Amino acid sequence: MIKKLPEGFIYGGATAAYQAEGAVNTDGKGPVAWDQYLKDNYWYTAEPASDFYHKYPEDLKNCEEFGINGIRISIAWSRIFPAGTGTVNPKGVDFYHRLFAECRKRHVEPFVTLHHFDTPLALHAAGDFLNRDTIDAFVLYAEFCFKEFPEVRYWTTFNEIGPIGDGQYLTGKFPPGIHYDLAKVFQSHHNMMTAHARAVLAYKAGGYHGEIGVVHALPTKYPYDPENPDDVRAADLEDIIHNRFILDATYLGRYSDHTMNGVNEILAANGGTLDLREEDFAVLGAAKNLNDFLGINYYMSDWMKAYDGETKITHNASGAKGGSVYRIKGVGERVFDVDVPRTDWDWMIWPKGLYDQIMRVMHDYPNYKKIYITENGLGDKDVFENGTVNDDARIDYIQKHLSVLCDAIRDGANVKGYFLWSLMDVFSWSNGYEKRYGLFYVDFDTQKRYPKKSAYWYRELAKTGIVE
Ligand code: BGP
């Protein structure tokens, strides 16, 4: 049976300001915590990235030529407000006007994210979203953008509130590099969700002509042994940390009893308390039915089993097989010894997890309205030969995920588009320039772009909609 995506579907490519633009000190851009953090902890920096700051006309031309009719772009907050609040930097504002105009010229719809991991340094150093002043600063920045850029029709407040809390306060691979502080993880999630809700309310109150939503990463958490109640609970708690807590905040406007029981169990084992205020629930409640869409980022799933010991997490920077450890006290441990194909970075390739997440949103949060898959893709050690990359593994990965997407649509989910991570190669936050995801190969020395085999495949897909 033929599987085909519906008419009007968006065949997109995704980027993020910090990973694509480069030009980190150009035209008055303010610093972000990542600038120094990469220097101190990794072997690469955000310069030159993919030099999107200068090469965007070429990337958008590639979009048009390859049938890509949507692009995820994020605005670097510190290009607009170099210190996070206060003075506006007109050159930063101009850059985004030019970029959005180029999108229109090339008939590529921009889906614009206000925050993709890159809080301005001044705010980050003062506690990032753990500090409630950052919520106020974010809402002012968001309102400025809504007014300034009427050419944008699709706004996303945040990219991946889950992995931000996780990276900053649990695994410690994002600045400020704090480890194993579960209370900070939940507090960051909650405060960012409050900021999201306030921005949504401001957008709706402003009567702008467009849509607004949020992008959540939703990795599925399976029990290693579904017959073992302890493994089932481990998967459940892990799901609460990464998925359910923020989904509840988004669509229920509160945390369900089930969610809060899990949170309290995790905090009882790990220490710490949360500051959850009535006024926050008032805005979460007011915004819960106003999200026009949910963006789902999906790369992989995890298998969890019960674990009785101290927390230990290692970061697999090179992709070495079996190199990862992930055990959380009072939660559980990830099992890597499962019979599932892996990427070059040892991520589990499990398309069904995407289907399962779409179904859970549809069933548990029926007020979701509409879904875009805002990221999905294969990070690989691409081999560049004869001016291209024969990335059959990437094509296979995309096809398998689109196939389950067709199943989800058949089963009633309202999914309107797919954005491949990434449009062209960009650097990976914690794996650097070796990990490539793009449809277009970027030679980071010359900044030349070369279509990979997957780009030609994607063009055909966009033309016919036929997945298999
Ligand atoms: C998501 C981020 C992206 C991108 C992607 C791939 O979490 O939103 O910015 O980086 O993951 O992850 P990585 O670069 O770690 O391979």
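The values are calculated or read from the model by the stated rules, or taken from the named source; none is laboratory data. It should be emphasised that the depicted structure is a prediction, and the values quoted were computed from it without experimental measurement. Here Cβ is always computed from backbone atoms with ideal geometry, including for glycine, and neighbour counts include all displayed protein chains. Only protein heavy atoms, including side chains, enter the accessible area calculation; ligands, DNA and RNA are left aside. Shrake-Rupley method; radii C 1.70, N 1.55, O 1.52, S 1.80 Å.
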Could you state the principal axis extents of the C-alpha atoms in region 370-441, from the largest down, to the nearest angstrom? 42, 24, 15
Over region 126-215, what number does the Rg to Rh ratio reach, with both radii from the alpha-carbon atoms and Rh per Kirkwood? 1.03
With no solvent and one equal point scatterer per Cα, compute the Debye intensity ratio I(q)/I(0) for region 282-431 at 0.09, 0.20 Å⁻¹ and report its log10, rounded to two decimals. -0.38, -1.27
So if I take the centroid of the Cα atoms in region 290-317 and the same for region 42-85, what is the distance between those two points in Å? 27 Å
Going residue by residue through region 208-225, the Karplus relation 6.51 cos²θ - 1.76 cosθ + 1.60 with θ = phi - 60° gives ³J(HN,Hα) values, rounded to whole Hz and with x marking Gly or Pro, of 6, 9, x, 10, 9, x, 9, 10, 10, 7, 10, x, 7, 10, 9, x, 4, 10
Under 16 Å from residue 61, Cα to Cα: lysines that are on another chain or at least 8 residues apart: 105, 448, 452
Please give the peptides 72-79, 243-250 ranked by average Cβ packing (other Cβ atoms within 10 Å per residue), highest first, as a rough proxy for protection. 72-79, 243-250
Given region 221-298, report the % of alpha carbon pairs whose separation exceeds 19 Å. 46 percent
Could you tell me how far the Cα centroid of region 89-125 sits from the Cα centroid of region 1-25, in Å? 15 Å
Please compute the per residue accessible area over the chain with all protein chains in place, 1.4 Å probe, rounded to a whole number of Å². 36 Å²
What does the convex hull of the Cα atoms of the chain come to per residue, in Å³, rounded to a whole number? 136 Å³
Let me confirm the definition first: pairs of Lys residues in region 261-362, 8 or more apart or on different chains, C-alpha distance under 21 Å. How many are there? 5
Beta bridges per DSSP with both ends in region 219-344, % antiparallel, nearest 5: 60 percent
Whenever you get a sec, compute what percent of the accessible area on the chain sits on carbon and sulfur atoms (1.4 Å probe). 51 percent
Quick one, what does Rg over Rh come out to for region 227-267 if you take C-alpha atoms and the Kirkwood Rh? 1.00
Using the Kirkwood formula on the Cα atoms of region 341-397, what hydrodynamic radius do you get, in angstrom to one decimal? 13.8 Å
